[in-house]
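Below is one structure, written out as structure tokens; comments come after it.
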Amino acid sequence: MKTIPETQYPFEAIISVEEAVSRLRSSEVVAIPTETVYGLGGKISCENAIHQIFSTKKRPFFDPLIVHVHSVDQASKLTTAWSPAAEALAKAFWPGPLTLVLPKKPFISDLITSGLPTVGLRLPRHPLARAIIEKLGEPLAAPSANLFGQTSPSKAVHVLAEFKGQVPVVDGGDCDVGIESTIVKVIEDHQQISLTILRAGQILPQQLVESLKSIEKEIKIYQPGRNIEAPGQVKHHYMPSIPLIYVDQKKWDAIGGAPEKLNKELGKTFEKIAQIQLHAAPEMAARQLYSLLRDRSMPPNEAILFIHEAHQQGDAWEPILDRLRRAATYHLLQD
Ligand code: TXA
Ligand code: MG
């Protein structure tokens, strides 16, 4: 299966699972599909590979990487606190789009965790990601395969475009979930389990709480919501290559509902503003989101418009709206 225009990218940039494993073994980095977004992987035992991930992405070292595993057993060996809560969460949601932040074992490089005492662990659901990690025989550090602060890739061709064909990628088709994993920090003692949501995702806070019901401890959940500031979850994130204008429905109606009026409101002269319209079902909207942002960023478009419609609200929309707010350069809200 080949989905790239050969004229633009070297054909060798699409590689097989076997080739990916062999390159990872020799300390190279490769892009791999996961069910959330494509990741840029390097083996955790090799500092050179980890350095290469940061330099390829132009990522600051304060932003820690998620470590991907192929089994619960492999995950439990990376933390000093594989607690009953971690076990229950893994049982309920792995393989799948959930990252557990737990105290790290000392052998995990500070480069991976940005010097934090914790490590983010995820067992992905995508069969090719699982095959690669299993064949490699060691965990894989993998951030999303995009330049720092930019839109994440949900197709192999996005990775090729992002790195101009210089990063080899295993094509696993379009990502099923389409937005990054939910990240939760888990702290458990004798009496209580505390969960802190560090990044919203498809798996919702109430589902996490539900999965812990059988453990007889008090559960505390912290949801920083819009103020989430996990390292790297900076205010501007997921940004397309042209400005995104986020307008809520009331404001849109108030300014007369026409793209020309936006220019006046913003004091800009965008010649062509392309709108993105998302599917009415949030899980479908998440799947389309990054593809639409990349697609609408193409010339001659000069800006992208997202109108936050009244029906797009509730827990399942929150992770999508969170990305759009952070991706936006301009926010026009009716207060
Ligand atoms: O779905 C995903 O999670 C994708 C795929 C490839 O697995 N990965 C991903 O990685 O989104 P990245 O690097 O783009 O985002 C990971 C975020 C970091 O920005 C950071 O905020 C958080 O995870 N993180 C990682 N380790 C952490 C830790 N020990 N403590 C707090 N936050 C952590
Ligand atoms: Mg990312």
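Just so you know, all these numbers are worked out from the coordinates, no wet-lab data involved. Given the structure is predicted, the values throughout are model-derived calculations rather than measurements. With ideal geometry, Cβ positions are generated from the backbone for all residues, glycine too; neighbour counts draw on all protein chains shown.
Quick check: from the Cα gyration tensor, does segment 233-323 come out rounded (a/c under 1.5), prolate or oblate?
oblate
Can you grab the distance from the C-alpha centre of segment 145-215 to the C-alpha centre of segment 269-320, Å, no decimals?
Spelled out, the Cα-based centre of one part sits 19 Å from the other.
Give me the one-decimal nm value for the distance between modelled label points at Ala316 and His279, 7 Å along each residue's Cα-to-Cβ direction.
1.1
Lys pairs in segment 40-106, Cα-Cα under 21 Å, at least 8 apart or on separate chains: how many?
9
Can you bin every Cα-Cα distance in segment 116-210 into 10 Å intervals starting at zero and give me the percent of pairs per bin, rounded to whole numbers?
12, 37, 35, 13, 3, 0
How much FRET efficiency would the formula 1/(1 + (r/R0)^6) give for Lys58 and Leu116, where r is the Cβ-Cβ distance and R0 is 22 Å, rounded to 0.05?
After rounding to 0.05, the efficiency reads 0.60.
Starting from the Cα-Cα distance between Lys217 and Asp253, subtract it from 0.36 nm times their residue separation and give me the gain in nm to one decimal. All intermediate terms of the calculation are to be shown ahead of the outcome.
On the way: separation 36, 0.36 × 36 = 12.96 nm, distance 4.86 nm.
Residue separation times 0.36 nm, minus the Cα-Cα distance, leaves 8.1 nm.
On a C-alpha basis, how far is the centre of segment 84-113 from the centre of segment 37-79 in Å? Whole number, if you could?
What the calculation gives is 13 Å, centre to centre.
Tell me the label-point distance for the pair Lys261, Met298, using the 7 Å Cα-to-Cβ offset, in nm and rounded to one decimal.
The modelled label-to-label distance comes out at 3.0 nm.
Which chymotrypsin sites (Phe, Trp or Tyr not before Pro) in segment 48-85 sit in a loop by DSSP (not H, G, I, E or B) and have at most 15 other Cβ atoms within 10 Å of their own Cβ? Mind dumping the intermediate values first?
Details: sites: Phe54, Phe61, Phe62, Trp82; in loops: Phe61, Phe62, Trp82.
Sites meeting the loop and neighbour criteria: Phe61, Phe62.
Of all DSSP beta bridges located in the chain, what percent are antiparallel, nearest 5?
Of the beta bridges lying entirely in the chain, close to 40 percent run antiparallel.
Which value, in Å³ per residue, describes the convex hull spanned by the Cα atoms of the chain?
Dividing the Cα hull volume of the chain by its residue count gives 130 Å³.
What's the extension gain from Thr80 to Leu333 if we count 0.36 nm per residue and subtract their Cα-Cα distance?
On the way: separation 253, 0.36 × 253 = 91.08 nm, distance 4.52 nm.
The span from Thr80 to Leu333 would gain 86.6 nm if fully extended.
With each label point set 7 Å from Cα along the Cα-Cβ vector, what nm distance links Thr269 and Gln206?
5.0
Largest first and to the nearest Å, give the Cα extent of segment 1-151 along each principal axis.
If we take the Cα atoms of segment 1-151, the spans are 52, 30, 29 Å.
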